[in-house]
Amino acid sequence: MTTIKQVKQLGQQIWLDNLSRSLVQSGELARFLADGVCGVTSNPAIFQKAFSSDALYLPEIAALKQQNQTPQAIYETLAIADVQAACDVCRAEYDSSNGKTGFVSLEVSPELSHDAERTIAEAQRLWAAINRPNAMIKIPATDAGLEALIALVASGINVNLTLLFSRKQTLKAYAAYTAGLTQLAANGGNLAQIQVVASFFISRIDNALDGTLPEHLRGKIAIALAKAAYQDWQDYFARPEFALLAAQGAHRVSLLWASTGVKNPDYPATLYVDALIGEHTVNTVPDATLKAFIATGTAARTLPENIPAALAQLAEAEKLGIDVETLATRLQNDGLKQFEEAFVKLLAPLAA
């Protein structure tokens with residue numbers, strides 16, 4: 001049994017944070033699923049790298065340019081086809097889990113991050129275009145994104161809410177999800193068909209803080225925050241008000257650990273996988289981290305462990321003047337800017 005399958009038995013899904021035409025057509029994605037991978041995530045930076053390095057795209061890009069398609073239209077044609085193909089590869093996983101695993105996510109345009117109305121419209125359009133039950137539409141956890149989340153859940157669309165960096169941001173996400181479910185229930189919708197993941201970013205937190213921390217706290221705060229956020233998740237979804245929705249078939253949001261490839265080369269490659277294994281969570285990892293975890297990772301339910309120590313580390317960081325909510329806002333804004341820049345870089349070569 002592979003390490004990934006052992007993690008799956010412990011209640012956590014491992015997803016691949018990568019997507020390209022070669023990944024699908026070579027059979028590599030199918031092999032990853034056979035090893036225990038349960039889903040796929042994508043973003044503008046991933047597609048920018050794929051389009052620029054994967055020769056399988058060249059004929060279709062050339063043909064679409066000849067049709068005078070806009071760069072945005074060319075991107076969507078390619079990305080939607082890739083997501084559909086990946087959804088089809090993951091469909092057996094989705095079916096065998098009764099719709100709990102096997103998802104593939106596609107992000108709305110980063111330009112819409114502060115426009116709820118347009119985010120809703122684009123998410124609905126992309127959802128219809130992909131036309132797969134195991135697709136997820138990825139939107140950022142801005143105020144506009146949270147407003148959009150309510151409407152998208154109410155309309156029966158699976159969502160990957162991304163760029164979460166703090167406990168407070170994540171609790172707001174749960175509240176928005178609950179509001180969307182309440183609307184869906186009021187309209188007679190099927191609550192059991194909706195799956196939402198809340199993508200909590202890990203390595204970027206340590207990368208931002210390590211230079212300001214004493215040595216004994218370096219590489220610790222992101223994991224401590226994740227452990228505390230997992231406790232919040234358990235508390236929130238044990239509330240009586242959610243129990244009423246659960247009785248109608250509603251699923252809990254799955255906490256998803258994102259940005260789990262280490263940015264500090266001094267840290268073990270599997271640091272943010274080994275330390276964050278827990279029930280009803282997802283970890284989406286880049287290829288290199290996934291392969292390292294297959295080779296050297298340890299499958300153990302580590303996420304609920306050492307909570308008092310984690311809370312003590314967070315308290316010590318606070319005494320040192322670190323405001324994790326202010327940091328979370330800055331990191332979310334930085335993440336939005338990075339995705340916007342990647343999107344511009346992605347579209348430029350697609351111009352006719």
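Cα gyration tensor of the stretch 116-224, axes a ≥ b ≥ c as square roots of the eigenvalues: rounded (a/c below 1.5), prolate (a/b > b/c) or oblate? Intermediate results must be reported in sequence, preceding the final value.
Numbers: a/c = 2.75, a/b = 2.31, b/c = 1.19.
Because a/c hits 1.5 or more and a/b exceeds b/c, the stretch 116-224 counts as prolate.
Taking a ≥ b ≥ c as the square roots of the eigenvalues of the Cα gyration tensor, the stretch 33-168 is classed as oblate, since a/c reaches at least 1.5 and a/b does not exceed b/c.
Remark: the chain carries 41 Å² of accessible area per residue (probe radius 1.4 Å; ligands, DNA and RNA excluded). A simple spin-label model places the labels of ILE307 and LEU58 5.5 nm from each other, with each point 7 Å out along Cα-to-Cβ.
A straight line joining the Cα centroids of the stretch 171-210 and the stretch 222-246 runs 11 Å. Run through the stretch 41-136 and list the trypsin sites (Lys or Arg not before Pro) located in a DSSP loop whose Cβ has at most 16 other Cβ atoms within 10 Å. Qualifying residues, ordered by number: LYS100.
Please identify the DSSP H helices in the chain that span no less than 15 Å along the helix axis (Cα) and have a mean Kyte-Doolittle hydropathy of -0.5 or more.
Those that pass (Cα extent of 15 Å or more, hydropathy at least -0.5) are 71-96, 116-130, 143-154, 167-186, 221-236, 307-319, 324-347.
Kirkwood Rh over Cα pairs of the stretch 141-284 into Stokes-Einstein at 25 °C, 0.890 mPa s: D in µm²/s? Rounded, D is 154 µm²/s. The calculated Kirkwood hydrodynamic radius for the stretch 175-234 is 14.2 Å, given to one decimal from all distinct C-alpha pairs.
Please report the projected area of the chain's Cα convex hull averaged over all directions, in nm². Don't jump to the answer; show the numbers that get you there.
On the way: hull surface 68.5 nm².
Answer in nm², one decimal: 17.1.
Hey, how much of the P(r) for the stretch 1-97 falls beyond 17 Å, as a percent of Cα pairs? Write out the running numbers ahead of the final one.
Numbers: 2515 of 4656 pairs.
Result for the distance tail: 54 percent.
Using a Förster distance of 22 angstrom, determine the FRET efficiency expected from the C-beta separation of ASP143 and THR326, and round it to 0.05.
Details: r = 16 Å, r/R0 = 0.74.
Efficiency for this residue pair is about 0.85.
Counting only protein heavy atoms and using a 1.4 Å probe, what share of the accessible area of the chain belongs to carbon plus sulfur, as a whole percent?
Answer for the chain is 52 percent, counting heavy atoms of protein chains only.
Every Cα-Cα pair in the stretch 161-210 was counted, and those over 14 Å apart are 60% of them.
The values are calculated or read from the model by the stated rules, or taken from the named source; none is laboratory data. Everything numeric in this text was worked out from a predicted model, so none of it was measured. Counting neighbours? That spans all protein chains shown, and the Cβs are built from the backbone with ideal geometry, glycine included. With ligands, DNA and RNA removed, areas are computed over all heavy atoms of the protein, side chains included. Shrake-Rupley method; radii C 1.70, N 1.55, O 1.52, S 1.80 Å.
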